[in-house]
Amino acid sequence: MHDAKAPQPTSGEPTADQLTAHGVASEPITPQRASIADLLDRVVDQGAVVSGDVIISLAGIDLIRLDLRLLLIGVDRALHPRTERRTA
Amino acid sequence: MTRNTAAGRDADTGPTTARDADTGPAVQSARGLYAYAITSVDDLDLADVPTIGSSADTPHLIRQGDIALVASDIALSVLDDLTADDVTDNSKLARLARTHDSAVRAVAAQTSVLPLRFGTVVTDADAAIRLLRSRHDEARRLLSHVDGCQEWGVRLRVESPAGPSPGQAGQPGQLGQAGQPPRSGTAYLAQRKKARAEKDHLEARRHTWIQTAHDTLRTHARDSAARVARGPGVLWDAAYLVARSGEAEFFASVEQLAQRLRTDALAGLEVETSGPWPPYSFAHMEGETADA
């Protein structure tokens, strides 16, 4: 996801070393209430896929799986209208 | 698999998807096993684990060797009528997804889990066991990879979507200050060049922050996964698999990052976290494709 070589920080910007300096007091992350977007992004879009769509017979295993791909596209559009999709 | 192929297969095999449920009366009574997660076999208490199906059909373990499937009996009609038209908190999809998530979390609180994607249904316990057999080695590998860890989401976002962004800079209409239109073509071109340079500089500065953030956070994580950056102002989105024993260091890193970001008003970025999550972004099986 990232280039092997990090861009050289320009003057005045932090380095990774500065950021990882020890001894700075910090508070734990306060878990934020999961937004429905975050939830669906993970529950519907992530997680192990153990079969194809709909009904399949994979090596003798009869699996039923919803065809969720169309659903996903719809979810994405509904949650993020007019948002340009970019990968990290 | 295309929809056409699927439809043809449905006709041959009887049981069908919720999406096609209204095409055949037999479907109304069709039942299956809704699978939430693959887990290590442990002494699990599943009494209070939420269920997608009716309250009588609580999730249970289907064991095969040293792994198990957490599943509950459902009528396939439960998964009927799912639509993305309504993704509010109270929509059917949101409720079911939340239940799925709650069930996975309930198990994850007791042992390591591989969350399955929403909507995974196997025909019966025999199918579940064949599934576990066929995925055993990979499931074991992934279970040990995520053992003792939780997933945390981290995003970098432009503080105010209305503020300067790479996409907005460089628009001719924004070049000159109000009331001071460029006096000549040369001045216009110079302004345009300057605006473009500023835009490039801002993008580079923000990219540096993204790189810095990732390089810092991943030192406190067992694994990381890029996520699609979407939503207003979101420039970067990633998931980190963090050991519970290492969360303090991870949080400290995030907090330091947030503090440093606040000192760079020009970049105008803020860090946002979500979690903890079960390891949804780290449960991908090899060779998994929609057409597997």
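Observations on the model:
- A versus B: buried accessible surface, summed, Å² (probe 1.4 Å, to nearest 100): 7300
- A simple rule links phi to the HN-Hα coupling: the Karplus curve 6.51 cos²θ - 1.76 cosθ + 1.60 with θ = phi - 60°, which for region B:50-55 gives x, 10, 6, x, 6, 5 Hz, with x for Gly and Pro.
- Segment B:ASP200-B:SER55, length gained on full extension (0.36 nm per residue, minus Cα span): 46.5 nm
- Here the Karplus curve 6.51 cos²θ - 1.76 cosθ + 1.60, taken at θ = phi - 60°, turns the phi angles of region B:227-234 into couplings of 10, 5, 7, 8, x, x, x, 6 Hz, with x standing for Gly and Pro.
The values are calculated or read from the model by the stated rules, or taken from the named source; none is laboratory data. Quantities reported herein were computed from a predicted structural model and do not represent experimental measurements. We work out accessible area using only protein heavy atoms, side chains counted, and drop any ligands, DNA or RNA first. Shrake-Rupley method; radii C 1.70, N 1.55, O 1.52, S 1.80 Å.
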